[in-house]
Structure formats: C-alpha cells, structure tokens
Amino acid sequence: MLFFETEEEANEALLDICLLENHRDERSFAEADLRAMWLHNAALLAAQILALSDPSLAERLGARRAAQAASVLDDESNAAPLSD
C-alpha cells in the first residue's frame with residue numbers, strides 16, 4: 001500500500017509511474033540497465049549512510065564524487081549548448 005502526505009505527492013508519483021511505463025513500452029532503456037542503475041544508487045546510499053560514522057569511508061566517497069565531477073567537466077560533449 002502506498003501512502004502520500006498530500007494529493008500533489010500522489011499525483012507526482014502517478015505521473016512518474018506513467019512515464020516509466022511509457023519508457024518501458026517504447027523500449028527506450030533496457031530493464032537490465034535500469035536495475036543496474038538502481039542497485040548502483042542503492043549501494044551509494046548505503047555507503048553514504050555508513051560514512052556518517054566512518055571518516056575513512058567519508059573521505060573515499062568525497063574523492064569519488066570529486067573524480068566524477070571532474071570527469072563530467074572534462075568531457076567535451078558536455079560543453080555543447082542544449083538544444084531547444
């Protein structure tokens with residue numbers, strides 16, 4: 001059972017589910033890729049929670065974030081203007 005604080009939250013969740021269904025139906029991404037992203041994000045969240053009490057882990061996560069940010073900034077394709 002889903003519970004939402006407000007009707008707006010419920011409507012947003014419904015919209016997200018509808019968009020996800022459309023993407024799935026259009027096959028615009030593979031289910032395996034979606035699951036891999038979800039597992040990756042879950043692992044990062046778990047590491048962030050553990051890092052609250054582990055300074056060494058917090059340092060490694062900070063270094064990882066910095067490396068990711070640098071790789072995005074160094075990628076020339078990110079410099080192209082967004083099309084309308």
Please identify the pairs in which a residue from the range 36-52 that is exposed (fewer than 11 other Cβ atoms within 10 Å of the Cβ) has its Cβ atom under 8 Å from the Cβ atom of a residue that is among the aromatic types (F, W, Y) and not in a helix (DSSP H, G or I), counting only partners at least 6 apart or on another chain. none
When the residues of the range 26-81 are narrowed to those that are in a helix (DSSP H, G or I) and of a type in the set (S, T, N, Q), which ends up modelled with the lowest pLDDT? N78
Return yes when E21 is more than 17 Å from the chain's Cα centre (by Cα), at pLDDT below 85, acidic (D, E) and surrounded by 10 or more Cβ atoms within 10 Å (Cβ to Cβ) and no when it is not. yes
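The values are calculated or read from the model by the stated rules, or taken from the named source; none is laboratory data. Keep in mind it's a predicted model, so treat the numbers as computed, not measured. Every residue, glycine among them, receives a Cβ derived from its backbone with ideal geometry; neighbour counts consider all protein chains shown.
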